[in-house]
Amino acid sequence: MFKRSMPMLDPVSFFFNEKVIVANKNDTVAAALLAAGITTFSLGTNEKTHRAPVCMIGNCFECLVEIDGQSNQQACLIEVSANMNVKTQYGLVLVKDLLESNMKNSKND
Amino acid sequence: MIDVAIVGAGPAGLTVLEELGKHNVEALLIDEQPQAGGQIYRSLTKNLHENSDLCNRLGESYTAGKKLVSSLDDQTEKLLHARIWDLTTNLQSVTLGLTSAKNTQLLHAKQVVLCNGAMERPTAFSGWNLPGVMSIGGAQTLMKASGLVPEEPFVVVGSGPLVYLYINQLLDSGVKPTAFLDLTQSNNKKHYLPHAIKALVHHSSLIQQGLKWQKRINRSGIPVYQNIQQLTAKGEKSLQKVSWQSQGRYHEIDCKLLLTHDGIIPNTQLAKAANCQLHWHELQKYWHPKLNEYGLSSKKNVWITGDSGYIDGAEGAIIKARITAMSLANQLGRLSYGSWQKQLAPLTKKLKKMRHLRHFLEHYYLPSDAFNPICNNVDLICRCEQVSKTQIQIAAQEQSQGINQVRVFTRCGMGHCKGYQCGDNVGKIIAHEQQRSVMEVGYLSGRLPVKALTVGELASIKSG
């Protein structure tokens, strides 16, 4: 979708779904992912909905991702840092999975 | 307790800080971004230093902020990269709930000045929720902050000065939209013409600048389409195709990026959180806080200035911010009535002159029907909670409810964005269904927290 019009002067590498992505220092996570061609940042409450940034200024909340284990992070407001661990956020799908696995575990107990 | 908390470090916030400093009022500047400048001067300090090529491509309207952003030095008391999730008021003070890299805290101030600026009007149309459909302001932010430009092929759709400016910035970067769908929709000529004449008399250089941008687009060979209907974004997991009708003919383009814009509106999330009264702007279709001529809201200690009060653009925001700061200094007893009035007069005159251009823009670039859920075939209205237009229509018809009840019944506006994307559209749909005015239907009331915070962050607040 987007390409860089300037060379990366200060490259920083981080992970997106375990894949290495190289960005420029001071890039927001959202800018870094868009420049790397990532189109799905999260899946919405209904599993079929793919979501990606719209406003880039912190209002739309379409850019939510999981960063270093913390969900609901606004990718457009957080700058990349070396070895940051970013993941697609699975909306309510994850909650449903968690509930199911919890139920399985409690049955096993 | 500090005297004044200023929210937002754009043109208005920086001006308020500077002006209050002149009158020895203690103020703390707070912003969500790591650097001051707001969205208009985003990353300007860094770019002036490192990327002169990018500054040239972004043009004079961007580098004009140099003096303003450099007014903020290392000694200035400020809190950048801080997320505000609460704003409450009582008779004596205001309390801001905020989280920064350092901690989560409740900050008490005697007065607050909201300078949190404008945002783009959400553009609802069929397929608007697909990844790859993005706002022009968002794309411009990517260019300012990271030097990112769109990959061809891509389509631009919208109207207003920002669209022309952005396409010009792209042309300067050697990038050309595959198509430009011009949505310019003007008020009746007899309404805008008097304003056009006044704007030309008082702001001929700005009008000429706009015409120059348009001329360059026309000469660049970008295919321009008008009278757009049935605008549709198609794709499964992300955008693959854009289609529309123009002068009765069907067009489609395969592309992965569609950039949209439908004008800018005040960001009222914090004003709503503080329960400030809002007014509906019938011509430009937006809610703006009810303010007196100095920027004081319906709450005695909440001042709102710049574009978050009323859309006036960066230059207007600076004038209004000075008026607000002086009035606040006068109220705090730091500026005598006489010198306040004396300094106010030329500013009021200047603002009146600025508004000649604003009134013309307001009449010439109306919000487009192509993005109005009443006029188009959009399905999804609330993206966070996946609420459709039909669900809202049914709720509005069957129970003849108010907007906040429709929220409770359908969950529209209950997601992360707190109705930023759907709120105004929900109001329009209800008004249409119930044959009432949007002003009468009202707006989604503010709900706290304004932004998500973790239980851990909340629990870490030190009392006192």
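Computed values, structure above
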item	result
Label-point separation, residue B:193 to residue B:252 (7 Å along Cα→Cβ), nm	4.3 nm
Only Lys, Arg (+1) and Asp, Glu (-1) charged, at Cβ; segment B:315-464 dipole about Cα centre in debye	1040 debye
For chain B, with +1 on Lys and Arg beta carbons and -1 on Asp and Glu, the positive-most of B:94, B:238, B:386 along the dipole	B:94
Cα-only radius of gyration and Dmax that characterise segment B:296-359, units Å	12.1, 35
Paramagnetic reach from residue B:90 (point 7 Å along Cα→Cβ, amide N under 19 Å) across segment B:428-463	B:448, B:461-463
Average other protein chain Cβ within 10 Å of Cβ, residues A:75-82	2
Additional length obtainable on full extension of the chain from residue A:9 to residue A:104, 0.36 nm per residue less Cα span	29.2 nm
Other protein chain Cβ atoms within 10 Å, averaged over every residue that makes up B:214-224	0
Trypsin sites (Lys or Arg not before Pro) lying in DSSP loop within segment A:19-64, provided at most 12 other Cβ fall within 10 Å	A:48
Value of relative contact order over chain B, rounded to a whole percent, pairs C-alpha under 8 Å and six or more apart	18 percent
Modelled FRET efficiency - R0 41 Å, residue B:300 with residue B:369, Cβ distances, 0.05 increments	0.50
Burial order of peptide ranges A:29-39, B:204-214, B:180-190 (average beta-carbon count within 10 Å, highest first)	A:29-39, B:180-190, B:204-214
Hull volume in cubic angstrom per residue (convex hull over the Cα atoms of segment B:1-102)	113 Å³
Residue pairs, from the table B:190/B:350; A:19/A:87; B:67/B:320, whose Cα atoms sit over 21 Å apart	B:190/B:350
Length gained when the stretch residue B:207-residue B:106 is fully extended (0.36 nm per residue, less Cα-Cα span)	31.8 nm
Segment B:81-227: Rg to Rh, with Rh as the Kirkwood radius over Cα pairs	1.09
Inter-label distance for residue B:342 and residue B:151, nm, one decimal - labels placed 7 Å from Cα along Cα-to-Cβ	6.2 nm
Fraction of alpha-carbon pairs over 42 Å apart in the protein assembly as shown - percent	18 percent
Listed pairs B:189/B:241; B:144/B:451; B:176/B:418; B:300/B:451 exceeding 27 Å between Cα atoms	B:189/B:241; B:176/B:418
Free-standing Cys residues across chain B, given no other cysteine C-beta under 4.7 angstrom	B:55, B:115, B:255, B:276, B:375, B:384, B:417
Residue B:390 paired with residue B:230, simple spin-label distance in nm, labels 7 Å along Cα-to-beta-carbon	2.1 nm
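Every number in this text was worked out from the coordinates using simple rules, so none of it is lab data. Here the structure is a predicted model, which is why all the values come from computation and not from measurement. Methodologically, a virtual Cβ is constructed for each residue, glycine included, from the backbone with ideal geometry; neighbour enumeration extends over all protein chains shown.
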